[in-house]
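Structure first, commentary second.
The values are calculated or read from the model by the stated rules, or taken from the named source; none is laboratory data. These numbers were taken from a predicted model, which means no experiment stands behind them. Here the Cβ positions follow ideal geometry from the backbone for every residue, glycine too, while neighbour counts run over all protein chains shown.
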Amino acid sequence: MSDQNKYTIVAAPEGHSGPGFMATSLDKVVGLARKNSIWPLPFATSCCGIEFMSTMASNYDLGRFGSERLSFSPRQADLLMVMGTIAKKMGPILQQVYEQMAEPRWVIAVGACAASGGIFDTHSVLQGIDRVIPVDVYVPGCPPRPEQILDGILKIQELVESESLRRRDSKEYKDLLASFGINQVWKKDEPKTII
Amino acid sequence: MDNNYVLQKIRQYFDGFVLGYEELSGILTITVKPVVINDLVSYLKKEPEPGFSFLTDICGVHYPNQENELGVVYHLHNMKNNMRIRIKTFVTKEYPIVPTITWIYAAANWMERETYDFYGIEFEGHPNLKRILNVEYLDYYPMRKDYAMEDPTREDKDNRYFGR
Amino acid sequence: MEENKIINPWGDDKNYTTLNLGPTHPATHGIFQNVLTMDGEKIIEAESTIGYIHRAFEKIAERRPYYQITPLTDRLNYCSAPINNTGWFMTVEKLLGVSTPKRVDYMRIIVMELARITDHLICNSVIGVDSGALTGFTYIFQEREAVYEIYEEISGARLTTNMGRIGGFERDFSATAIKKLKEFLIRFPKKLKEFENLLLRNRIFMDRTINVGGITAEKALNSGFTGPNLRAAGVDYDVRVTDPYCSYQDFDFVVPIGTNGDVYDRFCVRNEEMRQSIKLIQYALDNLPVGNYHADLPDFYLPPKENVYNNMEALIYHFKIVMGEIDMPKGEVYYAVEGANGELGFYLISDGGRTPFRLHFRRPCFIYYQAYADMIKGGLLSDAILTMSSMNVIAGELDA
């Protein structure tokens, strides 16, 4: 192609390469594959959801980062994007949706309301979703511009790329989930109350 | 047909139940006893006169300094003549019962549930009076002036930084 | 097998299924739950639960001075925020008893009609998405980006605009804003025609939407419907015509009405309303009166920044207004504007303090969503989804 310098090619991971082969560590390859094919679950509740719709549309296109297929079922999603205010009535449902996702899973809190309750410091609003689920990236803004949401997704991609393959089985991670009251095994008939 | 005419008709039929009337920002506002709400609203709905056939809004108010603290405010609208009317009724905290108008206007169903949710005013005869917007296990009525806006159980926000 | 017969509350021995639709569901735009009792694919009964995004606006409004309530009104119907903002400012102006110059009225009409267009664009493209036509959605969002650029020129923000002041606007329309408006007015009608061509006479779309989710005019009036849903049922009630505000009486426009109140009628009514909005914006832009872009209200209108930095009196006014230390008159006002979904009303009781004593929003979505459970009875599940998206239920307005 004549315009070779207009296109940037992703650099190959560090490793040893030779004629017809390349040797690198497994987690680098898995990280590269995972980060460019994240399937998000858009958990859009309010105004940030409309900015997400703009991010998905053709002007700011989320699809070019590999997230073309939105999954509305938590069982088939990698990234839970919580966009908008989460009220206390919605807290248990958010936790249920998070539990249904299979490992490895990431969470991004988009907007001021998801990060910390936003301007709604009232009796009915959960002051940040990190009261019920562990969060990886927070995107501030009310609502954040689509470029900011894309910046958050790029940070998620960095996390995905550099994550160790053993992290989800480690004791630290299990303790983290236990501190939120999230069970790894699905138990029926257990009541959940959120303060 | 104007505000004075409607007021005159109401006083003619419901004298004794009307506790006060005034005109605020062009809308006739009458305060009545709770027991007559059904009859008054059915009378106002009749066509062609007075013809207030559209229920615009029902909401609650709390005046802590009055004897009858909790109030319900109804807004009705006559679309043909473009007239609005506001009906207020007040009850006490100990006995907050107001008859329902769900059987007159289907729109009153959720509006009365919202008023119950926020103020604790019980609508006698309502088909499904339970909380609509807040969580079910909330044990107080949040819009009353006795309660603060912030969550009473929060422990993470320091009031010094929030200007409280 | 007589012992194993199940007798259900309907008195027959059919085995009904309970299906939980929501609160998180791709087709419910916003979070609300419907628990459906179904006989196969047919819906027997539905029960709606809302409140999953209740943010207690009315409680917050009792603690905020009047200017700080504008960002709250933004987040009611967040798809058309300028309508909510101007409605709130007009309520406060009615309480104060002030009138605004003609130029302000025309500028307000321009932004309100733009907001109406954006809201109807979302609703119509989402009806397409729910019936499987995804193309319209991606094309139409480009037009929303064009309107976002106009909002950014006027107020600085894309979605939750916080536009205007008590008595007018914070700045006049700049030359860039007027240029972008003119370009929008040339480009948009063609794009709207393209979008309509995808769906309006499309056999599949018509089969899915005609005679689906209908409501009669009497039932609609009794259930408190206003806005395009009521007009699709055949009642020509539009607050801009019945009770003109903000100089709408100078404008000449048509109020489209439908016949059955079904999904197809609502789609067509919203399309036609967008065309009428274009006409209104064109007329307002062509006949924009000369004058000031705000009323003369030193007590309530924030003074321009160059005066604040140089003039002591302006500095004092600025300080008092921002801290909310201005005395408001006592009174009670109910003011209604024609929002994108219907009659958006503000009931304000002021006791003279710096914050309202009581502020209640009459939200059209909350009132007409009650009738949804009745509208889908006896229909199929896929029709229920289309009915919901055609009613344009915005969760922020539903729960407030």
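Quick look at the numbers
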| quantity | calculated |
| --- | --- |
| Residue satisfying all of: in the range A:52-92; at the interface with chain C (Cβ under 8 Å from one of its Cβ atoms), among the aliphatic types (A, V, I, L, M) and not in a loop (DSSP other than H, G, I, E, B); surrounded by the most Cβ atoms within 10 Å (Cβ to Cβ) among these | A:Ala87 |
| The range C:24-35, subset more than 10 Å from chain A (Cβ to nearest Cβ) and surrounded by 21 or more Cβ atoms within 10 Å (Cβ to Cβ), residue nearest to C:Leu380 (Cα to Cα) | C:Asn34 |
| Sole exception among (1) over 27 Å from the mean Cα position of the chain (by Cα); (2) closer than 20 Å to A:Cys113 by Cβ for A:Pro19, by number | (2) |
| Cβ pairs under 7 Å, 6+ apart, first in the range A:88-106 and under 11 Å from A:Ile133 (Cα atoms), second among the basic types (Lys, Arg) and exposed (fewer than 15 other Cβ atoms within 10 Å of the Cβ) | A:Pro92/A:Lys192; A:Gln95/A:Lys192 |
| Which numbered condition C:Ile140 misses (of (1) within 14 Å of chain A (Cβ to nearest Cβ); (2) aliphatic (A, V, I, L, M); (3) within 20 Å of C:Cys246 (Cβ to Cβ)) | (3) |
| Residue within the range C:275-290 that is part of a helix (DSSP H, G or I), free of Cβ contacts under 8 Å to residues at least 24 places away in the same chain and closer than 18 Å to C:Val104 by Cα present | yes |
| Residue list for the range C:367-384, restricted to those being within 23 Å of B:Ile132 (Cβ to Cβ), part of a helix (DSSP H, G or I), more than 19 Å from the chain's Cα centre (by Cα) and hydrophobic (A, V, I, L, M, F, W, C) | C:Ala373, C:Met375, C:Ala384 |
| C:Lys179 being closer than 26 Å to C:Asp74 by Cα and more than 14 Å from chain A (Cβ to nearest Cβ) | yes |
| Residue match in the range C:59-72 (condition: more than 28 Å from C:Glu145 (Cα to Cα), more than 9 Å from every other protein chain (Cβ to nearest Cβ) and in a helix (DSSP H, G or I)) | yes |
| Filter result (out of contact with any strand residue (DSSP E or B) (no Cβ under 7 Å at 6 or more places or on another chain) and not aliphatic (A, V, I, L, M)) within the range B:34-49 | B:Asp39, B:Ser42, B:Tyr43, B:Lys45, B:Lys46, B:Glu47, B:Pro48, B:Glu49 |
| Selection within the range C:32-46 - out of contact with any Gly (no Cβ under 7 Å at 6 or more places or on another chain), in a loop (DSSP other than H, G, I, E, B) and within 24 Å of C:Val129 (Cβ to Cβ) | C:Glu41 |
| Residue match in the range C:224-240 (condition: in a helix (DSSP H, G or I), aromatic (Phe, Trp, Tyr) and crowded, with 19+ Cβ neighbours inside 10 Å) | no |
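Here's the yes/no breakdown for (1) without any contact (Cβ under 8 Å) to a residue 40 or more places away in the chain; (2) more than 20 Å from C:Leu280 (Cα to Cα); (3) assigned to a helix (DSSP H, G or I); (4) not assigned by TED's automatic domain parsing to the domain that holds C:Ile326:
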site: C:Arg108; (1), (2), (3), (4): no, no, yes, no
site: C:Glu113; (1), (2), (3), (4): no, no, yes, no
site: C:Glu143; (1), (2), (3), (4): no, no, yes, no
site: C:Val147; (1), (2), (3), (4): yes, no, yes, no
site: C:Ile150; (1), (2), (3), (4): yes, no, yes, no
site: C:Gly156; (1), (2), (3), (4): yes, yes, no, no
site: C:Ile178; (1), (2), (3), (4): no, no, yes, no
